[in-house]
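See structure below.
The values are calculated or read from the model by the stated rules, or taken from the named source; none is laboratory data. This is a predicted model, so every value here is computed, not measured. Counting neighbours? That spans all protein chains shown, and the Cβs are built from the backbone with ideal geometry, glycine included. Accessible surface areas use protein heavy atoms only, side chains included; no ligands, DNA or RNA. Shrake-Rupley method; radii C 1.70, N 1.55, O 1.52, S 1.80 Å.
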Amino acid sequence: MEFRILGPLEVWEKGGEVSLGGPKPRALLTVLLLHANEVVPADRLIDELWGEDSPARAAAALRVNVSRLRKALPQDVLTTRSPGYVIRVEPDELDLHRFERLVDEGRSLLARGLAAEASERLRDALSLWRGSALADFAYESFAQAPIARLEEIRVGAIELRIDADLALGRH
């Protein structure tokens, strides 16, 4: 399974893209992916997805959207754990986790004076980006802080890659 949030939301399984349904299940999955492997309380999910406009039966609406996601995803990926839900993501299944790992490796290589390896690792990290982070949710309130954080990390990775290239004489 591969989850992509460094651009529009995409989920891939065995070479094919997984259909996630409408905007609410997609937004729900995105919130859960931003907190992968952590329990996200149902109340927080309701606030993130509906905010001030939450429906009268928001808890029931949340359960419906969780059910839709469970149908789209393999069994046991999305589980209920009191007081909410958790999405289980292996270390390299989420592009954000791969990106952060590659940036950390590039930073470490550069600090050790291995500029060529650092440049390559940072290029690999930056190649995971397919547009603006969380592009589908650019105007959703739940996405604003994560988008800003991810863009800051991206700019930092670009700066590190430039430092590595300069160390290699690539002016």
Centroid-to-centroid separation of the range 101-171 and the range 1-35 [C-alpha atoms, Å]: 22
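Test of the criteria: in the range 16-76, which trypsin sites (Lys or Arg not before Pro) are in a DSSP loop and have at most 10 other Cβ atoms within 10 angstrom of their Cβ?
Details: sites: ARG26, ARG44, ARG57, ARG63, ARG68, ARG70, LYS71; in loops: ARG57.
Those that pass, being in a loop and sparsely packed, are ARG57.
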Span per principal axis, largest first, for the Cα atoms of the chain (Å): 61, 34, 27
Cα long-axis angle, helix 23-34 against the chain (0 to 90 degrees, to the nearest 10): 50
Hydrodynamic radius of the range 71-162 per Kirkwood, over alpha carbon pairs, in Å: 15.0
Protein accessible area in the chain, 1.4 Å probe - carbon and sulfur %: 49
For the chain, size of Cβ-based charge dipole, Lys and Arg +1, Asp and Glu -1, in debye: 420
Selection of trypsin sites (Lys or Arg not before Pro), the range 87-136, meeting DSSP coil and at most 12 other Cβ within 10 Å: ARG112
